[in-house]
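Remarks on the structure that follows.
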Amino acid sequence: MSLRQRITRNATFKVLGEAGGRLAGMLFYILFARWLGAQEFGRYSFALSYAALFAIVVDLGTNTIITRELARDRSLTGEFVPRLNALKTFSSVLALVLIGVSLLFFSYDLGTKKLVLAMGLFVIGTGLLEYFCAVLSGLERMGREAFLKTANKLLVLAGGAAGFFLYRTLASTVAGLLLGMGLSLVLGYGFLFRQGAPAALRWNWPWAKKLLAQSLPLLASWVFWNFYDNQDIVLLSFLGRPMNEVGWFAAAMKLLDVFRGVPVLMAGAFFPVLANFARTDPDHFTRLARFLMRWIVAVALPLAAGTAMLAGPIVAFIYGADFLFSARILTIAVWAAVGIFINHVFINLLVALDMQNKTIVGAAVAAGTNLLLILVLVPWGGLLGAAAALPLSEAVYLVINSHFTHKRVTVFDGPFWRYLLKPVAATALMAATLWFLPSWNVFILAAVGAAVYAAALLALRGVPTKVSALADPATI
């Protein structure tokens, strides 16, 4: 199979998996918010974000390394997976213990502590499922990975819905979530078993030590990324904001989280190939990196601008009247999507180049910047201050990641503004069109905006349309 066919196949399944999984997850979030209301939704969001702070204990920074190593030598599957099973079992138990111990230091009521522990089990299940997906991705079984991600979200949605409609409480809904997650894990390991991974635990400390040493830079980065992604909701609670405000903020962040799937699937489709070319063909690696970066920039700008302009009708349609303030939060926070998209590509490039240790600095500075900005801006600007902290932090993160990447590969073959000029012009035309259109249905407005942007970008030749960058070296 040619390189172009591999990337096309990988990208197709990545799109299906991420789109299916995130749409199903978004559907659950919408229904959950509408069923529970802002107050209870705030409690759920706090418990999930608190438990997610410990997700790194399950992940250990190993997933990207697993994908990279299996992409280089698929014959390692039968040897790797049983050892990883033992490592992940130990880390999962440790994560739950740490969550429980940490709760002893806070004066939350017993119901909240139980809710956090339950969401801890959910976070552990999510971490194990991501490990399964990392193996499938390394083996380039993107179709099964896509199916697993979508099935997981649908099973969790079905379980949560059953729990809610049976007893109509937050506790019963969370119990349903855990049931759906358990079924997903059984399905996921079934896929690994079919790829030659035995259902076994084999502890091998020298091997695990070597893997953890390779993963250490990503582990350290993951700590900061994880705090970066979850600390805002937890900090809002610590700063005394009421739970309905936490619910408004979480609802806006969930809409932003949907966009995170775009760079994940775009970079994920390229990553196994980039990891290979980083060692075998540096020139081709550079061409692919530039190709990917130009498209990432071209996709991020209109998504951010269009969402900012349509935030009001989007939130009203999705969440209802109880969450209207979330639109104001989203209008500010969505600009972080531009940085999120570009930073995700930079991180994948650094890992492919075996420079994962460089990701630590950017993640640490971004998390620290975000923490400081929240502590400063929330007392001054409330939820809007917390929203502003995110794009400012992403901008700092972008500068650092760009600096380290360009020490090895010139991704931007010229000034950065050259990458932005034509997409910005097309985005401005899209924004002007939306501004003058009447108050049509939000879906019609989004479709019109996307069409105007795409036409303008193509007319300006703002992205590479030739696929010469994707040709196999042997066929050039």
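Just so it is clear, none of the values below were taken in a lab; they were calculated from the coordinates. Note that this is a predicted model, so its numbers are computed, not measured. A quick note on method: Cβ atoms are made from the backbone with ideal geometry, for glycine too, and the neighbour counts reach across all protein chains shown.
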Where Val258 falls short, out of the listed (1) more than 23 Å from Ser49 (Cβ to Cβ); (2) surrounded by fewer than 23 Cβ atoms within 10 Å (Cβ to Cβ): (1)
Determine, yes or no, whether Ser107 is surrounded by fewer than 18 Cβ atoms within 10 Å (Cβ to Cβ), outside any helix (DSSP H, G or I) and of a type outside the set (A, V, I, L, M). yes
Could you say which residue among Ala146, Ala158 is free of Cβ contacts under 8 Å to residues at least 40 places away in the same chain and either part of a helix (DSSP H, G or I) or at positive phi (or both)? Ala158
Among the residues of segment 374-389, is there at least one that is assigned to a helix (DSSP H, G or I), in contact with a Leu (Cβ under 8 Å, 6 or more places away or on another chain) and surrounded by fewer than 16 Cβ atoms within 10 Å (Cβ to Cβ)? yes
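Only one residue in Gly268, Gly320 is touching a residue at least 12 places away in the same chain (Cβ under 8 Å) and over 23 Å from the mean Cα position of the chain (by Cα). Which one? Let's see the steps before the verdict.
Details: Gly268 fails: over 23 Å from the mean Cα position of the chain (by Cα).
Every option except Gly320 fails the conditions.
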Tell me which residues, restricted to segment 190-207, are surrounded by 16 or more Cβ atoms within 10 Å (Cβ to Cβ) and either of a type in the set (Ser, Thr, Tyr) or part of a loop (DSSP other than H, G, I, E, B) (or both). Gln195, Ala197
For Leu292, state whether it is closer than 20 Å to Val463 by Cβ, part of a helix (DSSP H, G or I) and either among the hydrophobic types (A, V, I, L, M, F, W, C) or touching a residue at least 24 places away in the same chain (Cβ under 8 Å) (or both). yes
Residues Gly180, Gly163, Gly138: which one is more than 19 Å from Ile65 (Cα to Cα) and under 22 Å from the mean Cα position of the chain (by Cα)? Gly180
Do you know which of the residues in segment 394-439 that are β-branched (Val, Ile, Thr) and without any contact (Cβ under 8 Å) to a residue 24 or more places away in the chain is surrounded by the most Cβ atoms within 10 Å (Cβ to Cβ)? Thr433
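What residue, among those in segment 87-104 that are closer than 22 Å to Ala199 by Cα and polar (S, T, N, Q), is surrounded by the fewest Cβ atoms within 10 Å (Cβ to Cβ)?
Let us first name the residues in segment 87-104 that are closer than 22 Å to Ala199 by Cα, namely 87-94.
Those left that are additionally polar (S, T, N, Q): 89, 91-92.
Numbers: Thr89: 13, Ser91: 19, Ser92: 19.
By that ranking, first place goes to Thr89.
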Identity of the residue in segment 346-366, under 17 Å from Gly61 (Cα atoms), within 17 Å of the chain's Cα centre (by Cα) and among the aliphatic types (A, V, I, L, M), that ends up surrounded by the fewest Cβ atoms within 10 Å (Cβ to Cβ): Val351
Residues of segment 169-189 being loosely packed, with under 14 Cβ neighbours inside 10 Å and free of Cβ contacts under 8 Å to residues at least 40 places away in the same chain, which ones? Thr169, Val186
Condition check: more than 22 Å from the chain's Cα centre (by Cα) and surrounded by fewer than 22 Cβ atoms within 10 Å (Cβ to Cβ). Does Thr112 satisfy that? yes
Only one of these conditions is not met by Phe147: (1) more than 24 Å from Gln39 (Cα to Cα); (2) surrounded by fewer than 22 Cβ atoms within 10 Å (Cβ to Cβ); (3) in contact with a helix residue (DSSP H, G or I) (Cβ under 6 Å, 6 or more places away or on another chain); (4) hydrophobic (A, V, I, L, M, F, W, C). Which number is it? (3)
